[in-house]
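As structure tokens, the structure follows; a few thoughts come after it.
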Amino acid sequence: MNIIGLVAFAVVGSFKALREGLDLFGITVLGIMTALGGGITRDLLVNQIPNALKSYTDISFALFGVWLAVVLYRIFKKDISNRFFILIPDAVGLSAFTTTGALIAYQADVSFFGIVILATLTGIGGGMISDILLGKTPTVLKDDFYASCAIIGAVSFYVAVQSDMGINASAFICSAVVLMIRILAILYNWRLPKFS
């Protein structure tokens, strides 16, 4: 799941760059930051050297995602990041990254609030960083039912852990909840209310 997430997030970030007319370097930076930014930020907050900086695996899959986005863009001649076959892997990535964030937060012995923040940040942080690099209000703050899925998943992880369900079962529950809610949000076009 983590690999699917890395590739999907890199594809989505690269499409953002392509939409803005960035050059190949800009496309690569945005793709990589979307895939790795949330995890790097989370690791720094818990005083760890980011895993993305210790191994070639994460960066390799992120670069593959950038390459895939460029190829897809050349084939379809447009941004297809809102297509179902991109949105579902992106949902899997959100699920995987949220769960990873919750597990690392739990191992760092942070509070309930810390688990929710670190899990959510891991899931949505890369997308927020890429939006900020483009000088835009992060999409998760104004559109779509996305960050809410990560928050609900993190809360479900905490409840499961506190219910003595075990760490593996709690991680599975978190992952399943995020994925299920995100897919429902895509299918039924869920949005949070706006007051403007």
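The values are calculated or read from the model by the stated rules, or taken from the named source; none is laboratory data. Since the model is a prediction, treat every value here as computed from it, not as a measurement. Note: ideal-geometry Cβ built from the backbone for every residue, glycine included; neighbour counts use all protein chains shown. These accessible areas exclude ligands, DNA and RNA; they are computed on the full protein's heavy atoms, side chains included. Shrake-Rupley method; radii C 1.70, N 1.55, O 1.52, S 1.80 Å.
A few comments on the model shown:
- The value for the range 89-194 of Rg(Cα) / (2.2 N^0.38 Å) is 1.05.
- Mean Cβ count within 10 Å, highest first, over the residues of peptides 90-97, 144-151: 90-97, 144-151
- Accessible area per residue, Å², the range 57-196 with all protein chains present, probe 1.4 Å: 52
- Compactness of the range 20-97, taken as the C-alpha radius of gyration over 2.2 N^0.38 Å, stands at 1.20.
- Taking the average, over residues, of other Cβ atoms within 10 Å as the packing measure, peptides 77-89, 175-187 rank 175-187, 77-89 from highest down.
- Quotient of the Cα radius of gyration of the chain and 2.2 N^0.38 Å, N being its number of residues: 0.98.
- Report note on the peptides 165-172, 5-12: ranked by the mean count of other C-beta atoms within 10 Å, highest first, their order is 5-12, 165-172.
- Applying 0.36 nm per residue to the separation of residue 189 and residue 167 and subtracting their alpha-carbon distance, the gain on full extension is 4.7 nm.
- With every protein chain in place, the chain: carbon and sulfur % of accessible area (1.4 Å): 66
- Residue 84 paired with residue 180, simple spin-label distance in nm, labels 7 Å along Cα-to-beta-carbon: 2.1
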